[in-house]
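Please read the structure below before turning to the comments.
The values are calculated or read from the model by the stated rules, or taken from the named source; none is laboratory data. All of these numbers come straight from a predicted model, not from anything done at the bench. FYI the Cβ positions are ideal-geometry reconstructions off the backbone, even for glycines, and counts take in every protein chain you see. Keep in mind that these areas ignore ligands, DNA and RNA; they rest on the heavy atoms of the full protein, side chains included. Shrake-Rupley method; radii C 1.70, N 1.55, O 1.52, S 1.80 Å.
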Amino acid sequence: MKTTRREFVQQALKATTLTALGTPLAFNALADSRTTETTSSPFDILTDGVALQFAQVPLPYAYAALEPSIDAMTMEIHYTKHHTAYIKNVNEAIAADKISFGTEKEFFANASKLSAKARNNGGGAWNHNFFWQTMKPGAGQPGGKLAEAINSSFGSFDKFKEQFTQAAMTRFGSGWAWLVNEGGKLKIGSTPNQDNPLMDVSELKGTPLLGLDVWEHAYYLKYQNKRNEYVANWYNVINWDEVAKRLA
Ligand code: MN3
C-alpha cells in the first residue's frame with residue numbers, strides 16, 4: 001500500500017509521541033497495525049497487546065504416586081498426551097485467532113467469543129494444571145477454615161462428598177465436577193467438555209477450589225465403565241492444603 005507523505009508524517013508523529021510516553025516499541029507496531037488493518041478478530045478492542053501463553057505445570061509427583069486410586073499408566077498418558085495436546089493446541093489457537101488477552105482470567109471471562117479450538121483447549125490446559133495440583137499421595141481431610149466452610153455450606157464433610165459424587169456421576173458424557181467459592185459461599189456443580197467455572201458461558205460460576213476430571217480418559221484403563229469407583233477412590237488423593245490455599 002502506498003503511503004502518502006501526510007500519512008507518513010502522522011504515523012511518525014504518533015510513534016514519537018508513544019515512545020516519548022514510554023510505551024515499548026513493540027507495542028507501537030502492534031497499535032499501528034490495529035488502527036490500520038481491518039480483521040475479523042473480536043479481540044482487538046478488548047486487549048492491551050500482550051498475548052497469553054499457556055504452559056504445562058510440572059507434575060508435582062511421580063506417575064505412580066497416586067496408586068492405587070489412579071494408576072501410573074493413566075497418569076502418564078493423561079499428562080504427557082492429553083494435557084500436552086491441550087497446551088499445544090490452545091497456544092496455536094491464540095496465535096491463529098490473534099487473541100491477545102493478557103491473563104487467564106480475562107481469556108475465560110470472554111470464552112463466549114473464543115473459537116471452539118481456543119475455548120476447548122484453553123479449558124483443557126487450565127483444568128488439568130489445576131487438577132494435578134489439587135491431588136497428592138495420601139488421604140487427608142480438610143481442616144481449619146476450609147472445614148468450617150464445607151460444614152456451613154453442606155452440613156458435614158460426608159454431605160459434601162455425597163453432593164460432589166452426585167455432580168460427578170450425573171455429568172453426562174465428558175466434563176468436570178467442581179467445588180467453587182462464590183462470594184464466600186461454597187457450591188458444587190459440573191461443566192461439560194473442558195468448560196470451567198471461570199468461563200462466562202458456564203452456568204456454575206465462582207473460584208474453583210477443587211475439580212475432578214470425569215472424562216473416560218481419566219479412568220477407563222483401570223475402572224472401565226465404573227466411574228463411581230474412580231470417584232470414590234479419588235477422595236483418597238485430594239490435596240486439601242492446596243484447596244485451602246485457594247479459599248484463602
Ligand atoms: Mn483429562
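When Q194, Q141 are screened for being within 22 Å of H82 (Cα to Cα) and outside any helix (DSSP H, G or I), only Q194 passes. Evaluating G173 against the criteria (1) crowded, with 19+ Cβ neighbours inside 10 Å; (2) within 16 Å of the ligand (Cβ to nearest atom); (3) not in a helix (DSSP H, G or I) leaves one unmet condition, (1). Of all residues in the range 56-78 being surrounded by fewer than 17 Cβ atoms within 10 Å (Cβ to Cβ) and assigned to a helix (DSSP H, G or I), which is farthest from the ligand (Cβ to nearest atom)? For the range 56-78, the residue satisfying everything is A72. When residues in the range 125-148 are screened for being more than 16 Å from the ligand (Cβ to nearest atom) and in contact (Cβ under 8 Å) with a residue 40 or more places away in the chain, 11 of them pass.
Among the residues of the range 89-123, which ones are of a type in the set (S, T, N, Q), closer than 22 Å to P192 by Cβ and open to solvent by less than 50 Å² (accessible area, probe 1.4 Å)? Working first, answer last.
Within the range 89-123, the first condition is being of a type in the set (S, T, N, Q), and the residues that meet it are 89, 91, 100, 103, 110, 112, 115, 120-121.
If we keep only those that are closer than 22 Å to P192 by Cβ too, we end up with 89, 110, 112, 115, 120-121.
Scanning the range 89-123 gives N89, N110, S115, N121.
The listed residues are S153, S112, and the only one of them that is more than 13 Å from the chain's Cα centre (by Cα), within 23 Å of E203 (Cα to Cα), in contact (Cβ under 8 Å) with a residue 40 or more places away in the chain and not in a loop (DSSP other than H, G, I, E, B) turns out to be S112. Contact annotation: residue pairs with Cβ atoms under 7 Å, 6 or more positions apart or on different chains, pairing a residue in the range 180-208 that is in contact (Cβ under 8 Å) with a residue 60 or more places away in the chain and under 17 Å from N120 (Cα atoms) with a partner that is surrounded by fewer than 18 Cβ atoms within 10 Å (Cβ to Cβ) and not hydrophobic (A, V, I, L, M, F, W, C), are N193/S174; L198/K105; D200/S112; V201/S112. Looking only at the range 190-203, filter to residues that are more than 14 Å from the ligand (Cβ to nearest atom) and out of contact with any strand residue (DSSP E or B) (no Cβ under 6 Å at 6 or more places or on another chain); which one of those is most open to solvent (accessible area, probe 1.4 Å)? So the residue we want is E203. Only one of the listed residues (G183, G143, G206) is on the phi > 0 side of the Ramachandran plot, open to solvent by 40 Å² or more (accessible area, probe 1.4 Å) and not hydrophobic (A, V, I, L, M, F, W, C). That residue is G183.
If the requirement is being open to solvent by 30 Å² or more (accessible area, probe 1.4 Å), at pLDDT 95 or above, under 24 Å from R227 (Cβ atoms) and in contact with a strand residue (DSSP E or B) (Cβ under 8 Å, 6 or more places away or on another chain), which of these qualifies: Q163, Q133? Don't jump to the end; show me each part of the working.
Working: Q133 fails: in contact with a strand residue (DSSP E or B) (Cβ under 8 Å, 6 or more places away or on another chain).
Checking each option against the conditions leaves just Q163.
Selection of the range 186-222 for residues being more than 21 Å from A118 (Cα to Cα) and of a type in the set (D, E) yields only E216. Determine whether the range 209-229 contains at least one residue that is open to solvent by 50 Å² or more (accessible area, probe 1.4 Å), under 16 Å from G124 (Cα atoms) and within 16 Å of the ligand (Cβ to nearest atom). Within the range 209-229, one or more residues are open to solvent by 50 Å² or more (accessible area, probe 1.4 Å), under 16 Å from G124 (Cα atoms) and within 16 Å of the ligand (Cβ to nearest atom).
State yes or no: is A118 more than 16 Å from the ligand (Cβ to nearest atom) and either in contact (Cβ under 8 Å) with a residue 40 or more places away in the chain or under 14 Å from D241 (Cα atoms) (or both)? Considered against the rule, which asks whether it is more than 16 Å from the ligand (Cβ to nearest atom) and either in contact (Cβ under 8 Å) with a residue 40 or more places away in the chain or under 14 Å from D241 (Cα atoms) (or both), A118 comes out as no.
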